[in-house]
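Note sheet for the following structure.
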Amino acid sequence: MITRFAPSPTGLLHLGHAYAAWIAWEAARREGGTFLLRWEDIDQTRCRQEFETATLADLDWLGLHHAGPPIMRQSERFPIYRAALDSLRSRDLLYPCFCTRREIQREIANADAAPHGPDGPLYPGTCRQLSAEEAGDRIAEGQPHAWRLRMDAACQIAGSLQWRDLEHGAQTAQPELFGDVVLARKDTPTSYHLAVTIDDADQGIALVTRGVDLLPATHIHRLLQALLDLPVPRWHHHRLICNAKGVRLAKRDAAMTLRTLRENGTTVEEIRARLALPKN
Ligand code: GLU
């Protein structure tokens with residue numbers, strides 16, 4: 001049993017992160033397995049060393065010790081993501097998208113009916129129609145572009161896919177609800193979906209644990225596993241921790257950061273009780 005906690009070092013950890021880390025750690029501990037850490041730092045403009053240091057101190061304080069070093073770091077793995085993109089591209093499953101956010105919004109606003117997916121309106125497919133020649137010319141000119149998945153073709157190749165969530169049961173993957181998702185961004189040669197899928201496979205993660213807000217994303221991850229011939233783990237999408245107003249905690253909820261709680265004299269046992277976790 002290998003599990004992981006995969007924070008983005010873009011802020012201080014709060015109670016919600018503590019809960020996520022505990023779920024992963026306990027799942028590994030129950031089966032005498034391994035708990036790993038991974039830095040999800042593909043967004044290099046927002047990630048900072050000080051938040052990595054703070055995360056390590058918080059996990060240490062909570063007693064959630066991870067295996068390693070080394071700690072997997074996504075920003076060191078761009079060549080691996082690139083190879084996966086090459087493989088998808090060679091099967092004509094990707095196309096370059098030159099649209100700006102504003103162009104996409106305009107296109108959607110002008111459409112008679114704009115289909116929506118779990119993340120909002122779907123990409124209207126503007127660049128899907130470009131000829132290989134035109135796309136090649138625009139790339140050669142240096143026009144910024146993302147890479148999108150040809151969702152229809154990908155679903156056809158993969159066929160019907162299933163996955164299993166410990167809390168939400170058996171699921172049939174519905175990646176088509178997301179339309180042509182971006183797998184490599186204009187500014188980053190990967191995306192959350194691609195990086196997380198490849199990394200979980202490379203780390204041998206048997207149980208992917210994370211908040212239920214990411215449950216829809218798993219439909220895409222399951223499809224990518226099929227396309228890239230990766231092993232299929234199980235998932236546990238757990239509840240989210242909310243503040244007093246019932247709103248999901250965010251990095252800006254300063255009062256709930258583990259650092260503040262620790263400095264205020266809160267004990268680890270009190271935190272476990274607050275998260276309704278059983279006594280250690
Ligand atoms: N890096 C993500 C986060 O901080 C976690 C993603 C995942 O567990 O798949 O929310």
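Here, each number is a calculation from the coordinates, and none is a lab measurement. The model shown is predicted, which means the values in this text are computed figures rather than measured ones. In this analysis, Cβ positions are derived from the backbone assuming ideal geometry, glycine residues included, and neighbour counts consider all displayed protein chains.
In table form, for the structure just shown:
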| item | result |
| --- | --- |
| Kirkwood hydrodynamic radius (C-alpha pairs) into Stokes-Einstein, the stretch 91-186, 25 °C and 0.890 mPa s, D in µm²/s | 164 |
| The stretch 111-124 - phi-based ³J(HN,Hα) in whole Hz, Karplus 6.51/-1.76/1.60, Gly and Pro as x | 6, 5, 9, 9, x, 10, x, x, 9, x, x, 7, 4, x |
| Local electrostatic count at Gly16 - Lys and Arg +1, Asp and Glu -1, tallied over other residues with Cβ under 13 Å | +3 |
| Relative contact order %, the stretch 79-233, counting alpha carbon pairs below 8 Å whose residues are six or more apart | 26 |
| Cα centroid of the stretch 229-251 to Cα centroid of the stretch 62-121, whole Å | 20 |
| Cα-based Kirkwood hydrodynamic radius, the chain, one decimal, Å | 20.4 |
| Mean shadow area of the stretch 192-246 over all directions, Cα convex hull, nm² | 4.0 |
| 5 angstrom amide H check on Leu166, placed H, neighbours 5+ away | Trp235, His236, His237 |
| Calculated P(r) of the stretch 16-61 - Cα pairs past 11 Å, % | 73 |
| The stretch 70-144: proportion of alpha-carbon pairs further apart than 14 angstrom, % | 73 |
| 5 angstrom amide H check on Phe5, placed H, neighbours 5+ away | Leu36, Leu37, Arg38 |
| Among 16-25, 136-145, 256-265, 1-10, the order from most to least packed when residues are scored by Cβ within 10 Å on average | 16-25, 1-10, 256-265, 136-145 |
